[in-house]
Structures are given as structure tokens and as C-alpha cells.
């Protein structure tokens, strides 16, 4: 299989895309943009995933997004079937495609003539589909399908890696916040122990009572206690 230099560069970019963006959604959008550069004759791409069982699309552009969302409106289309069956579906020409009779005429009206939908897997399960669109008929041949499979595989892997990475990052942020809260609460306890000449348990109970009576978070009460104690006034 001979690939253009641009396609090779685009596929190479897939290797680091999972960690190059701030969240999973932007990662998947970038994969769609890479797909349009890597897959011969592609003019738009989208990724459909199914969080909580409902389809959600991310795309390289508004045109690809609208074509994807039409499938959700009609409850039929190659993308939904690729996710359901784990098979690749190709529409060679929307003018002569008998499958999906509600969906196909609507995408034809929007200028799509060729469509390819490839299943996207992660950890052995089908999690969505990569969808490729062209305004020309017979746009996607065996080579396009082969490159599309590579991109779809990376999209599934990127989803898995990104979800794990951002999940761990969120957990790290939560732990960091918890540690910061604990530190300021300990400071406030120390101040109350010195002021009221009480032990640590009594100081903590005092903070809790202040939190309850003022209907504020314990950390906020602790921060105010520390700030008041450190104020020159």
C-alpha cells in the first residue's frame, strides 16, 4: 500500500495525540482532523461514542458533524450499525444506496456522496465508530478502508488512554485539594488550641460547630480562622 507523505505524517501524529490535548473531547476532534488528512479522498470525519448509551458526535468540521447527527435523528445509518455489529460499512454512492432509506436521502441533500463507518474498540469492546465523508462518489477504496482501520484503532486506543489519563488527573486534583484542605484545617486547629487552651479534638469540634452554624464548608471556616489570626488587626 503506497501512502502519500501527508498521510504518513498524519498517521505518525496519532501516536502522541492522546496526551497532547487538555481533554478527551479535543483529543477525539484532533483524531477526526488527522483522519481527513490521512485517509485518501476524505473531506470530513467524525467520531461517535455512546456515553450512557446515547450517541454523541465530535467532528473535524460542522459538515461532518451534521451528517453524523442526522443518523441520531433518523435512528439509522452506517455509524450506528458499525457500533452495533462491529463491522465496517461503506456507502459507495448515496444516489444508489438502498440501505438506510430515511438517512441516505438527507445526507445526499447535504452533498455527501461517499461514506465509510468503521467500528472503534477499546479494551475488547466496541465503544463507537469513526465516520469518513466525501462529496465524491466511489471515494473510498480498499486502501482508504485500510488506513481508516488504522485511524479507528488509534482512536479507540486514544479514547482508552485519554480517559485513563484524565481520570487519574482528576483524581490527583481531588487528592491535592483534599491535602490542601487538611493542611489549612490543621492550621486552624492549632490556632484554636492556642487561643482556647484546648486539645486537638476540642479544636476540631469547635471548627465543625462554626461550619454548621454559618452553613459554610469546613475548609472555608478554617481558612477564615487562619486569615483572622494572621491579620495585623
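The values are calculated or read from the model by the stated rules, or taken from the named source; none is laboratory data. Just so it is clear, the structure is predicted and the values come from calculations on it, not from any experiment. Virtual Cβ from ideal backbone geometry, glycine too; neighbours counted across all protein chains shown.
Does residue 112 count as touching a helix residue (DSSP H, G or I) at 6+ places or on another chain (Cβ under 9 Å), closer than 21 Å to residue 145 by Cβ and not in a helix (DSSP H, G or I)?
Details: touching a helix residue (DSSP H, G or I) at 6+ places or on another chain (Cβ under 9 Å): yes; closer than 21 Å to residue 145 by Cβ: yes; not in a helix (DSSP H, G or I): yes.
Yes: the conditions hold for residue 112.
Would it be correct to say that residue 181 is modelled with pLDDT of 65 or more and more than 30 Å from residue 50 (Cα to Cα)?
Values: modelled with pLDDT of 65 or more: yes; more than 30 Å from residue 50 (Cα to Cα): yes.
Here the answer is yes, as residue 181 does meet what is asked.
Okay, residues lined up against (1) at pLDDT 85 or above; (2) over 23 Å from residue 115 (Cα atoms); (3) in contact with a helix residue (DSSP H, G or I) (Cβ under 8 Å, 6 or more places away or on another chain); (4) not in a helix (DSSP H, G or I):
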residue	(1), (2), (3), (4)
22	no, yes, no, yes
28	no, no, yes, no
32	yes, no, yes, no
46	yes, no, yes, yes
